[in-house]
Structures are given as C-alpha cells and as structure tokens.
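Worksheet for the structure shown next.
The values are calculated or read from the model by the stated rules, or taken from the named source; none is laboratory data. Since this is a predicted model, take the numbers as computed values, not measurements. Cβ placement follows ideal geometry from the backbone for every residue including glycine, while neighbour counts extend to all protein chains displayed.
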Amino acid sequence: MKPYEGTDYFDCSELLTDSEKDLRDKVRGWVEKRYLPGVSDWFEQGIFPVRLIPEMAGLGLFGLKLKEYGGAGVNSTAYGLVCQEIERGDSGLRSFVSVMNSLVMFPIARFGSDEQKATWLPAMVRGEKIGCFGMTEPETGSDPQSMRTTAVRRGDRYVLNGRKMWITNGEIADVAIIWAMTDEGIRGFLVEKGTPGFSAHPIKRKFSLRASVTSALVLDNVSIPAQNILPGVEGLRSAFMCLGEARFGIAFGTVGAAMACYETALDYAKNRIQFQVPIASFQLVQRKLVKMLTEITKAQLLCIRLGRLKDEGRVRPVQISMAKMNNSAEALKIARTARDILGANGISLGYSVIRHMLNLETVNTYEGTEDIHALAIGRDITGMNAFSCRQE
Ligand code: TGC
Ligand code: FAD
C-alpha cells in the first residue's frame with residue numbers, strides 16, 4: 001500500500017521537529033494498518049475495540065505527556081499530532097485517547113497524592129487500567145457549576161450521591177474521576193469500579209461516536225475512603241484545567257477527521273463520471289473542494305501556533321477555546337460537504353465520511369459547545385459576561 005502522505009497544502013510539516021514528525025508518522029502507520037480496516041464494522045455494530053488497548057499502550061499512547069511513571073514525556077504539539085492521526089481514524093478512538101491522557105491521567109498527575117499517582121499512573125501507561133471523567137449530569141451540561149452530585153464527609157470517608165450522564169469509557173473504566181459538590185465547593189474523587197452503590201450503564205441508540213463507549217453513572221450512597229479525594233483540586237477551576245488539555249487535543253484531532261473527509265471526496269470526485277466527465281471537472285464541485293482544503297489549511301496553522309504557545313507555557317484558555325470551536329465546526333462542515341460530493345455513496349459506511357460526519361456532531365458539542373466557546377471568547381474581548389440572562 002502507498003504510504004499516506006496527508007493533506008499539507010502550506011507545507012506545515014516543515015514547522016515540526018523530526019521527533020514530532022516521527023511520532024505522527026508512527027501513529028499514522030498504526031491507524032492505517034490496525035484501525036482503519038475494522039472501524040466501519042465497529043461503528044455499525046456499536047463496539048469499541050478494547051482488544052487494541054495493549055497495542056495502543058505499546059505505541060506509548062497513554063501518558064503521552066507524563067515525564068514520570070513510564071510516560072512518553074512528549075510536548076503538547078506532539079500530543080496534538082497524535083490526536084490528529086487517531087481522529088483521522090475515528091473521533092471515538094481519539095475520545096478514548098483524550099479521556100485517558102487529558103481527563104484521567106492529567107488530573108491524577110496534577111492534583112493526586114503520591115499514593116494515587118503510584119497506584120494508577122504506571123498501570124494506565126501500560127493500558128492495564130482504564131479511567132473515565134464524570135462531570136456532566138442529566139440536568140447540567142454547559143453549566144457544571146450547578147451540578148447536583150454531592151460528596152459528604154462522614155468521619156474518614158466521603159459518601160457520594162448523584163448521576164453522571166454521557167460519560168466516555170464509563171462501563172470499561174476501572175476508576176472514575178467524579179466531580180461532586182462538597183461543603184467546600186466542587187472537588188474531584190477517585191471512585192473505583194465495584195464500589196457498592198456505584199454502577200455504569202450503556203447509553204443506547206446513539207447515532208454518533210458509535211465506536212466508543214458512552215455511559216450513565218449512578219452513585220447511590222457510595223462510601224469511599226477520604227484519601228480518594230484528589231488533594232490538589234481547587235474547585236471547578238481544576239476541572240477546567242483538565243478540559244483545557246482535552247480541548248487542545250480536539251483542536252488537532254478534528255483536523256484529522258477533516259483530512260479524511262476531504263481526501264475521500266477529492267479521490268471520489270476525480271473518479272466519479274457524470275455527464276461523461278469526472279465530477280471534479282465541474283466548477284461547483286471544485287469550489288467545494290477548495291473551500292474544504294482552505295479550511296483544513298487554516299485549522300492546521302491555528303494548531304501549530306496553538307501548540308507552540310502551549311509548549312512555551314503562554315497559551316490562554318480562550319485561545320484553546322477558539323481553536324476547539326473553529327476546528328470542530330469547520331470539520332463538521334467539511335464532513336457534510338464531503339457527504340454531499342459522494343452523492344448516495346455518501347450515506348454508506350463503505351466510505352468514511354458519514355461516520356466522521358455523525359461523530360463530529362458530538363465533537364462540536366462535547367468539551368463545551370460551539371456557543372459556549374463563542375461566549376467565553378466574547379467575554380474575553382468585551383469584558384461582558386453573556387452566559388446568563390439572570391442579573392446578579
Ligand atoms: P471561568 O470564569 O471561565 O473559569 C473559572 C476559573 O477557572 C479558570 N480556568 C482555567 N484555569 C486554567 N486552565 C484552564 N483551562 C481554565 N479554564 C478556566 C479561570 O481562569 C477562572 O479562574 P479564577 O481564578 O478567576 O476563578 O468559569 P465560568 O464558571 O464562568 O465558566 C463558564 C463556562 C460556561 C465557560 C464553563 O462552565 C464551561 O466551560 N462549560 C462547558 C462545560 C464543559 O465543557 N463540559 C465538558 C464535560 S467533559 C467532556 O465533555 C468530555 S468529552 C470526552 C471525550 O473526548 O470523549
Ligand atoms: P446543554 O448545556 O443543555 O446545551 C444545549 C444547547 O443550549 C446547546 O446548543 C448549547 O450551546 C446551548 N446553551 C447552553 N447554555 C447556553 C448559554 N449560556 N448561551 C447560549 N446557548 C447556551 N461529559 C463528561 O463529563 N464526560 C465525558 O466523558 C463526556 N463524554 C461525552 C460523550 C458523548 C458522546 C457526548 C454526546 C457527550 C459527552 N459528554 C461528556 C457531555 C458533554 O460535555 C455535554 O453534552 C456538553 O457539555 C453539553 O451539555 P448538554 O448536552 O447538557 O447541553
């Protein structure tokens with residue numbers, strides 16, 4: 001098979017170091033060989049391929065940025081490029097990598113005790129333990145400050161009660177990071193699988209992220225040792241730091257999904273004959289392809305600059321918001337245009353575009369909807385908070 005070279009109209013690869021390119025290409029090769037042949041069936045059947053977890057661990061995909069506990073210790077740009085290649089496969093696979101790295105291992109490494117780090121991080125690097133991140137609830141999504149899950153201190157234990165909804169990896173996780181309201185504000189807790197009163201249930205009838213596990217978590221009088229609190233957490237701000245890590249990965253990841261859709265549409269348009277000529281020779285089709293490529297190029301440049309700012313320790317959360325918002329929304333538009341160019345074949349899982357299109361509907365919503373990021377940036381540039389119509 002010809003090696004995949006990737007859409008790179010402005011030679012953005014020249015802006016990467018050799019080690020960043022090597023990691024990108026290694027992951028790209030694995031996705032081509034081990035993931036893409038199966039993903040369409042997994043999506044159709046609603047299966048996350050857990051048997052690939054050891055191979056992913058072997059590639060160093062868990063604890064990518066961790067400098068200790070066996071992690072790969074790569075920079076943020078390299079992490080982003082991994083997300084790009086993984087999401088060229090499927091957003092569900094990138095979700096798994098995002099949750100492990102940014103939403104589970106990052107908070108344990110950043111806010112956990114030495115004991116928590118030693119218990120979980122090496123096993124997660126090896127892919128032997130899986131985690132999930134429980135913030136969203138049935139009644140609170142965009143507004144996590146209003147969460148209803150509670151954790152009440154009783155002697156040397158905490159008792160948790162509540163519901164978490166739409167939780168990636170929920171049923172396959174060995175440990176859940178549960179965000180809950182305490183007397184001292186919102187805190188994060190490690191809740192282990194099998195703890196009495198704690199259960200995870202599949203969310204069925206999903207038409208998006210079908211090759212990913214999405215669950216509802218139930219916490220009924222779940223009693224955990226007090227040392228299962230993440231001691232370094234300082235309210236919701238700490239949870240937002242985790243989201244910043246994950247949103248950064250999504251900004252890069254969605255470029256991968258968009259590249260897959262554009263490349264499929266370009267190839268299809270050159271080969272599909274209508275009115276005795278390839279449809280790529282029609283001006284209207286060319287305009288669509290050019291718009292797709294232009295948006296991919298802009299998104300790639302945004303990512304590289306974002307990565308460099310993050311690696312220099314200068315990035316602001318609103319800059320990550322802009323990249324997540326723009327790249328998810330544009331990737332979704334690109335997927336919809338690709339689906340259109342493929343005509344009826346565009347709705348078939350024989351091609352990747354309908355799968356990416358359906359997945360990107362979720363990606364545009366989770367980790368802060370397009371509107372929520374627009375409001376965060378709007379607040380930053382105007383100094384006015386438009387999140388709520390309620391007057392303080
Ligand atoms: P806001 O004023 O924005 O922030 C409160 C404090 O937190 C600080 N902060 C950060 N600090 C460091 N790093 C970051 N990335 C930070 N982001 C925020 C901020 O500076 C502030 O600090 P201080 O000292 O001034 O107090 O808080 P707000 O309450 O006004 O926020 C409003 C809003 C709407 C932006 C926020 O609630 C929000 O982001 N809502 C969206 C909820 C969301 O994204 N949920 C995601 C759930 S997890 C998920 O979807 C996983 S998908 C997994 C997969 O990939 O499968
Ligand atoms: P809502 O907050 O109810 O928003 C509904 C609509 O109202 C949106 O269009 C929104 O933009 C708009 N809106 C809300 N507030 C405002 C406002 N102030 N101004 C203008 N418009 C507004 N969560 C986790 O905690 N962990 C996970 O692992 C996880 N994985 C997920 C996996 C999948 C497949 C999905 C679909 C979701 C996942 N989520 C997860 C949940 C996700 O983060 C939430 O769906 C997201 O934050 C939006 O919340 P909501 O669905 O409750 O929408």
When (1) within 16 Å of ligand 1 (Cβ to nearest atom); (2) of a type outside the set (A, V, I, L, M, F, W, C); (3) buried (at least 18 other Cβ atoms within 10 Å of the Cβ) are applied to residue 352, the one that fails is (1)
Single residue of 68, 115, 137, 85 found to be within 16 Å of ligand 2 (Cβ to nearest atom) and either over 20 Å from residue 232 (Cβ atoms) or surrounded by fewer than 16 Cβ atoms within 10 Å (Cβ to Cβ) (or both)
137
Within region 220-256, tally of residues that are more than 14 Å from ligand 2 (Cβ to nearest atom), aliphatic (A, V, I, L, M) and within 14 Å of the chain's Cα centre (by Cα)
2
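Residue-wise test of (1) of a type in the set (A, V, I, L, M, F, W, C); (2) closer than 22 Å to residue 44 by Cα.
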| site | (1), (2) |
| --- | --- |
| 280 | yes, no |
| 286 | no, no |
| 308 | no, no |
| 320 | yes, no |
| 325 | yes, no |
| 328 | no, no |
| 345 | no, yes |
| 356 | no, yes |
| 364 | no, yes |
Pairs returned, first residue in region 70-86 that is under 12 Å from residue 311 (Cα atoms), second residue that is hydroxyl-bearing (Ser, Thr, Tyr) and assigned to a loop (DSSP other than H, G, I, E, B), beta-carbon separation under 9 angstrom, 6 or more apart or interchain, are 75/17; 77/17; 78/17
Please go through region 191-215 and give me each residue that is within 11 Å of ligand 2 (Cβ to nearest atom) and under 22 Å from residue 108 (Cα atoms), ordered by number.
213, 214, 215
So if I check each of 115, 87, which one is within 30 Å of residue 262 (Cα to Cα), modelled with pLDDT of 95 or more, of a type outside the set (A, V, I, L, M) and in a helix (DSSP H, G or I)?
87
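Out of curiosity, is residue 337 in a helix (DSSP H, G or I), polar (S, T, N, Q), surrounded by fewer than 14 Cβ atoms within 10 Å (Cβ to Cβ) and modelled with pLDDT of 95 or more? Walk me through how you get there before you give the answer.
On the way: in a helix (DSSP H, G or I): yes; polar (S, T, N, Q): yes; surrounded by fewer than 14 Cβ atoms within 10 Å (Cβ to Cβ): no; modelled with pLDDT of 95 or more: yes.
Criteria not met by residue 337.
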Is one or more of the residues making up region 157-172 part of a loop (DSSP other than H, G, I, E, B) and in contact (Cβ under 8 Å) with a residue 60 or more places away in the chain?
yes
